[in-house]
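Chemist: One structure is given below, represented as structure tokens, and several questions about it will come after.
The values are calculated or read from the model by the stated rules, or taken from the named source; none is laboratory data. The structure presented is a predicted model; accordingly, all values stated were derived computationally and were not measured. As a convention, Cβ positions derive from the backbone with ideal geometry for all residues, glycine included, and neighbour counts pool all protein chains shown.
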Amino acid sequence: MKVFFTLPLFLFLAVSCGSDETVTSEYETVDTTAVPPDTILFRQGHINDGMYEDFSIASENGDTVTPATREIHVVPQILEDSGYDSASVCEFMFGIVSMNFDLYYQGFDAFDGTIKFFYDANRTKLVTAYHMVNNVPEGPLQVFTPDGELVISRLYKDGYCVSSIVDLYAIDWTFNPLNSGLEITKFADYKSTDQDGNSLIHLGESMYPSDEVGPEDLSTNSLYSMIQKPVFENVFTVNGQPYTGTLMGYRCFYILRPDEPLAPYFELVFLDGKLTDTIRLYDEYGDLTLEEKFENGVLTETIYELDYSEMDGMAKPVIYLYPERDMLVNVQLNLHGEMTHSYPKYPEGGWNVLAKQNGTLYDHTGKEFYALFWEGVSPKNYTYENGFVIAGNETEKFLENSLEILGLTRREANEFIMYWLPQMENNAYNLIHFSTSEYEEIAELKITPAPESLIRVMMVWSPLETEIEIPQQNLYDMRVEREGFTVVEWGGKKQAYNAEF
């Protein structure tokens, strides 16, 4: 029985029949005789050089995990040549939280039993224990720190969190961007104070699927929906009251080290529901992208803003993977130019990720991503054989309509527009062309297994002072219908306009 697992450098203990084996890790020896009979079956599983390695959960005499298996225990093992040290163990073991407690088996999809994670090889310090039905969490679930402190207590049904009793951040919340109203269940449990005694709220990603609370806008219940400009035109309320205090948003959490706090996604300060004082936004890397000062909802000073003005490369291409079943996927980019940035870091041989049906991706450490990101430069300028000339103040509407025609979902289009619109909407005009064959020649994608549908949207554009004439591009001819395993990529390149292009 073959099983794939995405957490890094672990020794796996699958509970089934008895064994007298002793398994040695870098830290200590595990004596199986200390475990009740008919419970433990040992095998090692690990990941080498960033590549997934398959392994079987079986004993030396050929016993394998069967539907009768009652428990699986997971303990850390750091390999000598891994480059990791013992200080990394807690971060790795706690990584199951950022994976939403899903183990992603292949070939053993109907596991009914208990999963236990431990901080140590002798299983004296429990990370979490929970029951699984059909290989997804079911029922109560708790998570503890290495010191035994309870930090998460939830209730799961069919693999989804349906109740949050205790959490590091508030996850039991909904948000309505139309009236800028945030509703937090058990608000008092997540409202603290900063060093000056002012209100402070920590928000993680909501446990509610966005499409259940926002039938038209799939981003409704995502954190990034809170930082769109129209939200701040209203009075921002929390549980029906204009909010005064600081609101911190976090994409997810990976570690429990108090000396290394996770960088937030945003830091917003409100007074009577209006932005006030200094607000900050951060990118996927945790780097500051925007720092501004407000007074009663009015912008008074831009302290720092990421400079896009000298951008001449292919910017922010992101790649989404939507398989029909959970699978390991390799994505290779053959760029005729130089890759300047990537996240997660692009390794030799391409990205290797575990792709979930809902589009969530995991790297070899178990870290979660919603897409693959890269930027690069190429000596080639794109040609404008056709396209569109759009007034700056009409760019938002144009992009919304065009991206829908090209086949992007509402969420994908939101992310595209949120990135590019600030650079375009204040121009007199924008010359816009969606590249096809030229882009394929410059940035070739090789994906294994091959997708049934591949949608690549590369917007080439130039700011213009005056309107010009250009043949209109037919976007309907470029549309690709989504069928089966679908891969979507969007990006753009800003270039100075030259009539010869």
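Chemist: Please work out which one of (1) within 30 Å of Asn426 (Cβ to Cβ); (2) modelled with pLDDT of 90 or more is the condition Thr340 fails and give its number.
Modeler: It is condition (2) that Thr340 fails.
Chemist: Further, regarding this structure: Can you report the number of residues in segment 153-174 which are in a strand (DSSP E or B) and buried (at least 18 other Cβ atoms within 10 Å of the Cβ)?
Modeler: Residues flagged as in a strand (DSSP E or B) and buried (at least 18 other Cβ atoms within 10 Å of the Cβ) within segment 153-174 amount to 7.
Chemist: Tally up the residues in segment 376-427 that are of a type in the set (Val, Ile, Thr) and either farther than 26 Å from His341 by Cα or touching an Asp or Glu at 6+ places or on another chain (Cβ under 6 Å) (or both), please. Break it down into steps so the answer makes sense when it comes.
Modeler: Just the residues of segment 376-427 that are of a type in the set (Val, Ile, Thr), to begin with: 377, 383, 389-390, 395, 405, 409, 417.
Retained after the next criterion (residues that are either farther than 26 Å from His341 by Cα or touching an Asp or Glu at 6+ places or on another chain (Cβ under 6 Å) (or both)): 377, 389-390, 395, 405.
Here the count works out to 5.
Chemist: Residue by residue through segment 175-201, note down the ones that are surrounded by fewer than 16 Cβ atoms within 10 Å (Cβ to Cβ), in contact (Cβ under 8 Å) with a residue 40 or more places away in the chain and either among the aromatic types (Phe, Trp, Tyr) or part of a loop (DSSP other than H, G, I, E, B) (or both).
Modeler: Asn179, Asp194, Asn198, listed by residue number.
Chemist: Still on this structure, please answer the following. Restricting to segment 117-140, name every residue that is among the aliphatic types (A, V, I, L, M) and crowded, with 19+ Cβ neighbours inside 10 Å.
Modeler: From segment 117-140, those among the aliphatic types (A, V, I, L, M) are 121, 126-127, 129, 132-133, 136; that's our starting set.
Matches in segment 117-140: Ala121, Val127, Met132.
Chemist: Ile455 versus (1) crowded, with 17+ Cβ neighbours inside 10 Å; (2) out of contact with any Gly (no Cβ under 6 Å at 6 or more places or on another chain); (3) over 24 Å from Ala391 (Cα atoms); (4) free of Cβ contacts under 8 Å to residues at least 60 places away in the same chain: which is the lone unmet condition?
Modeler: (2)
Chemist: With Gly407, Gly387 as the choices, which residue is in the same structural domain as Gln472 (by TED's automatic domain parsing), surrounded by fewer than 20 Cβ atoms within 10 Å (Cβ to Cβ) and at positive phi?
Modeler: Gly407
Chemist: Quick check on my filter: what residues within segment 420-434 are of a type outside the set (Phe, Trp, Tyr), more than 27 Å from the chain's Cα centre (by Cα) and buried (at least 16 other Cβ atoms within 10 Å of the Cβ)?
Modeler: Matches in segment 420-434: Glu425, Asn427, Asn430, Leu431, Ile432, His433.
Chemist: Collect the residues in segment 373-419 that are assigned to a helix (DSSP H, G or I), of a type outside the set (Asp, Glu) and over 25 Å from the mean Cα position of the chain (by Cα), keeping them in residue-number order.
Modeler: Gly392, Asn393, Thr395, Lys397, Phe398, Asn401, Ser402, Ile405, listed by residue number.
Chemist: Among the listed residues Ala443, Ala450, identify the single one that is in the same structural domain as Met339 (by TED's automatic domain parsing), under 28 Å from the mean Cα position of the chain (by Cα) and surrounded by 14 or more Cβ atoms within 10 Å (Cβ to Cβ).
Modeler: Result of the check over Ala443, Ala450: Ala443.
Chemist: Take the residues in segment 410-419 that are under 12 Å from Gly492 (Cα atoms) and in contact with a helix residue (DSSP H, G or I) (Cβ under 9 Å, 6 or more places away or on another chain), then tell me which one is surrounded by the most Cβ atoms within 10 Å (Cβ to Cβ).
Modeler: Residue satisfying both the conditions and the ranking: Phe416.
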